[in-house]
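Quick one: this structure, given as structure tokens, is what I'll be asking you about.
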Amino acid sequence: MIRVDDLNKWFGEFHVLKSLNLDVRKGERIVICGPSGSGKSTFIRCINHLEAHQRGQIIVDGVELNEDVKNIEAIRREVGMVFQHFNLFPHLSVLENCLLAPIWVRKTPRNEAIETAMHYLERVRIPDQAHKYPGQLSGGQQQRVAIARALCMQPKIMLFDEPTSALDPEMIKEVLDVMVELASSGMTMLCVTHEMGFAKTVADRVIFMDGGEIVETAAPGDFFTNPQQPRTREFLEQIL
Ligand code: ADP
Ligand code: MG
């Protein structure tokens, strides 16, 4: 589903991603963790071309990401993204947030888009909030709307960038529960998160990044009980 080969990116002189390699199979769940500033966000943002890379190759569902706008548009339709700060449109209702991309990007008829949106709002357990505005919702509810909104485009891949980091502790579980359910539905997922409980139950592989490199990749069982690299051990000691 995703092939990343020798991915390199610079911000000016700063080499932020250093020769990353990753293959993700359909339905695989990958958790990416690592210290702040290690390049996790930049990496997943490259996968839907919110950031451009300078060297190496990214192929998503058979389409190579390059400067070809058609390819970028094709991949963005297949890849949903959920951000730390929800990024909902504040002036649109929950339902309208969910309709925007299907109607304007996918050209879905409005009635059909509403049906799909209500289906996903039910799946994230907030159909009753459909006519409220984001500002009237709790953080946990807003993040569930953001997940529903991404799912309305019926993506093949979902990217999550620290989706629970901005939430009060009591709201983390309601968002993780939705993500766990999504994982069990067979969605291909890349999640940047420090929720190690989530990683243990859901991830097929855990990737540890530091200093713009993938330092270690392992199944969660091995990753947590028997990390191979000193940098991974040090990181785990700090967060566990
Ligand atoms: P993480 O998500 O792991 O915390 P990021 O991918 O956000 O890390 O950032 C990796 C590094 O790149 C950091 O040193 C950060 O300051 C730098 N960086 C991120 N975005 C930009 C940008 N737009 N311009 C310049 N430097 C950036
Ligand atoms: Mg980040």
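The values are calculated or read from the model by the stated rules, or taken from the named source; none is laboratory data. This structure is a prediction, so every number in the text was calculated from the model and none was measured. A quick note on method: Cβ atoms are made from the backbone with ideal geometry, for glycine too, and the neighbour counts reach across all protein chains shown. To get the accessible areas, we keep the full protein, side chains included, count just its heavy atoms, and leave off ligands, DNA and RNA. Shrake-Rupley method; radii C 1.70, N 1.55, O 1.52, S 1.80 Å.
HN-Hα J couplings of region 207-219 from phi, Karplus 6.51/-1.76/1.60, θ = phi - 60°, integer Hz, Gly and Pro as x?
Along region 207-219, the couplings run 10, 10, 10, 8, x, x, 10, 7, 7, 7, 10, 7, 5 Hz.
While we're here: From the Cα gyration tensor of the chain, with a ≥ b ≥ c the square roots of its eigenvalues, which class applies: rounded if a/c is under 1.5, or else prolate if a/b is larger than b/c, or else oblate?
It comes out oblate by the Cα gyration axes.
Rounded, prolate or oblate: pick one for region 1-91, where a ≥ b ≥ c are the square roots of the eigenvalues of its C-alpha gyration tensor, a/c under 1.5 means rounded, and failing that, prolate if a/b is larger than b/c, else oblate.
rounded
Please calculate how many Å² of accessible area region 100-240 carries per residue, with a 1.4 Å probe and no DNA, RNA or ligand atoms counted.
47
Which trypsin sites (Lys or Arg not before Pro) in region 134-188 sit in a loop by DSSP (not H, G, I, E or B) and have at most 14 other Cβ atoms within 10 Å of their own Cβ?
none
If you don't mind, another one. What's the angle, to the nearest 10 degrees (0 to 90), between helix 69-78's Cα axis and the longest principal axis of the chain?
Helix 69-78 sits roughly 80 degrees off the main axis of the chain.
Classify region 94-144 from the C-alpha gyration tensor, please: rounded if a/c falls under 1.5, else prolate or oblate depending on whether a/b exceeds b/c.
prolate
Modelled label-to-label distance, Asp168 and Met118, 7 Å Cα→beta-carbon offset: nm?
Reported label-point gap for Asp168 and Met118 is 3.1 nm.
Okay, moving on. Would you mind calculating the gained length between Ser185 and Arg55 on full extension (0.36 nm times residue separation, minus the Cα-Cα distance), in nm to one decimal?
So the extension gain works out to 43.4 nm.
Additional query: Tell me the GluC sites (Glu not before Pro) within region 66-146 that lie in a loop according to DSSP and have at most 14 other beta-carbon atoms within 10 Å.
Within region 66-146, the qualifying GluC sites (Glu not before Pro) (loop, at most 14 other Cβ atoms within 10 Å) are Glu67.
Hey, another quick one. Rounded to a whole number, what % of the accessible area of the chain do carbon and sulfur atoms account for, probe 1.4 Å?
48
What number, in percent, do you get for the relative contact order of the chain if the mean sequence gap of Cα pairs under 8 Å and at least 6 apart is divided by its residue count?
The normalised contact order for the chain reaches 26 percent.
Return the distance in nm (one decimal) between the two label points of a simple spin-label model at Val105 and Asp68, each offset 7 Å from Cα along Cα→Cβ.
2.0
Would you mind checking the tilt of helix 139-151 against the longest principal axis of the Cα atoms of the chain, expressed as 0 to 90 degrees and rounded to 10?
Taking Cα atoms only, the helix is inclined about 90 degrees.
Next up: Give the angle, between 0 and 90 degrees and rounded to the nearest 10, that separates the Cα long axis of helix 230-239 from the longest principal axis of the Cα atoms of the chain.
Once rounded, the angle reads 40 degrees.
Longer than 26 Å from Cα to Cα, which of Lys40/Lys132; Lys26/Lys132; Lys40/Lys107; Lys132/Lys173 are they? Say none if no pair is.
In this structure, Lys40/Lys132; Lys26/Lys132; Lys40/Lys107 exceed 26 Å between Cα atoms.
For Lys132, tell me the accessible area in Å² from a 1.4 Å probe, rounded to the nearest 10.
Here the accessible area works out near 80 Å².
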